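To keep things clear, I will list the structure first and then write my remarks on it.
The values are calculated or read from the model by the stated rules, or taken from the named source; none is laboratory data. Remember, it's a predicted structure, so these values are computed and weren't measured experimentally. Heads up, the Cβs are rebuilt from the backbone with ideal geometry, glycines too, and the neighbour counts pull from every protein chain shown. Only protein heavy atoms, including side chains, enter the accessible area calculation; ligands, DNA and RNA are left aside. Shrake-Rupley method; radii C 1.70, N 1.55, O 1.52, S 1.80 Å.
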Amino acid sequence: MEKYICLTPYKEIRGGEKSIYDYVKEGYSVPEKVIKYLKTTKPYVMSPGVYKHPFKENSTLLGPYLYYDGIKYCWDRDTWKYIKKYGLTLPKEFIDYVMSEAGTAYLQSCQESEESWSNVISGMKESKNMFCMLSNDAEDEDIKDF
């Protein structure tokens, strides 16, 4: 993971040592292009397990799952939901990167890609040498329920 800059180095989501609560700001928002970037589903790390939802008492999440752009950044699958629903802030350098031509190029490449959690999970289920009990959506909660 040292190759990529982790946008979610928070202990509450098993991503590092920082606290997610120190990076929340009421009313925070980012351009929709940033949300679209974070919604790409290029799998990087899939860790079986369950952890407590950091903002919803008595709720758990499956994972953690990390996405990455294959270039510079990795992030927790639910990062875009933490931003939209709870005001999680992002580094300005990342936002600037996404808004640049490099960010546009990445998003265009994702439109052509077959890589996604659902495709990876389907591949696991089709493999004769693997037993996979994950649902095809990898338990990805809709934002209204998140």
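Would the range 93-100 turn up any residue that is surrounded by 16 or more Cβ atoms within 10 Å (Cβ to Cβ) and either under 19 Å from Phe146 (Cα atoms) or in contact with a strand residue (DSSP E or B) (Cβ under 7 Å, 6 or more places away or on another chain) (or both)? First the steps, then the outcome.
Our first condition is that a residue be surrounded by 16 or more Cβ atoms within 10 Å (Cβ to Cβ); within the range 93-100, this holds for 94-95, 97-98.
Subset that is either under 19 Å from Phe146 (Cα atoms) or in contact with a strand residue (DSSP E or B) (Cβ under 7 Å, 6 or more places away or on another chain) (or both): 94.
Yes, the range 93-100 contains at least one residue that is surrounded by 16 or more Cβ atoms within 10 Å (Cβ to Cβ) and either under 19 Å from Phe146 (Cα atoms) or in contact with a strand residue (DSSP E or B) (Cβ under 7 Å, 6 or more places away or on another chain) (or both).
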Notebook entry, point to check: Taking the range 1-14 as the search range and keeping residues that are in a loop (DSSP other than H, G, I, E, B) and hydrophobic (A, V, I, L, M, F, W, C), which one is most open to solvent (accessible area, probe 1.4 Å)?
Noted result: Met1
Next item on the list: All but one of (1) at pLDDT below 80; (2) under 25 Å from Lys11 (Cβ atoms) hold for Met130, so report the exception by its number.
Entry: (2)
Notebook entry, point to check: Does Tyr82 fit the bill of being in contact (Cβ under 8 Å) with a residue 60 or more places away in the chain, part of a helix (DSSP H, G or I), crowded, with 17+ Cβ neighbours inside 10 Å and of a type in the set (Ser, Thr, Tyr)?
Noted result: yes
Checklist line | Of residues in the range 15-35 being part of a loop (DSSP other than H, G, I, E, B) and in contact (Cβ under 8 Å) with a residue 12 or more places away in the chain, the one most open to solvent (accessible area, probe 1.4 Å) | finding: Glu26
Check: Which condition number does Phe146 fail, the rest of (1) open to solvent by 20 Å² or more (accessible area, probe 1.4 Å); (2) at pLDDT below 90; (3) part of a loop (DSSP other than H, G, I, E, B); (4) among the aromatic types (Phe, Trp, Tyr) being met?
Finding: (1)
Notebook entry, point to check: Does at least one position in the range 87-105 carry a residue that is at pLDDT 95 or above and within 27 Å of Met124 (Cα to Cα)?
Noted result: no
Next item on the list: Starting from residues that are of a type outside the set (Ser, Thr, Tyr) and within 22 Å of Thr8 (Cα to Cα), keep the ones in the range 106-127 and report whichever is modelled with the highest pLDDT.
Entry: Leu107
Checklist line | Considering residues of the range 36-64 that are open to solvent by less than 70 Å² (accessible area, probe 1.4 Å) and of a type in the set (A, V, I, L, M) only, the residue nearest to the chain's Cα centre (by Cα) | finding: Leu38
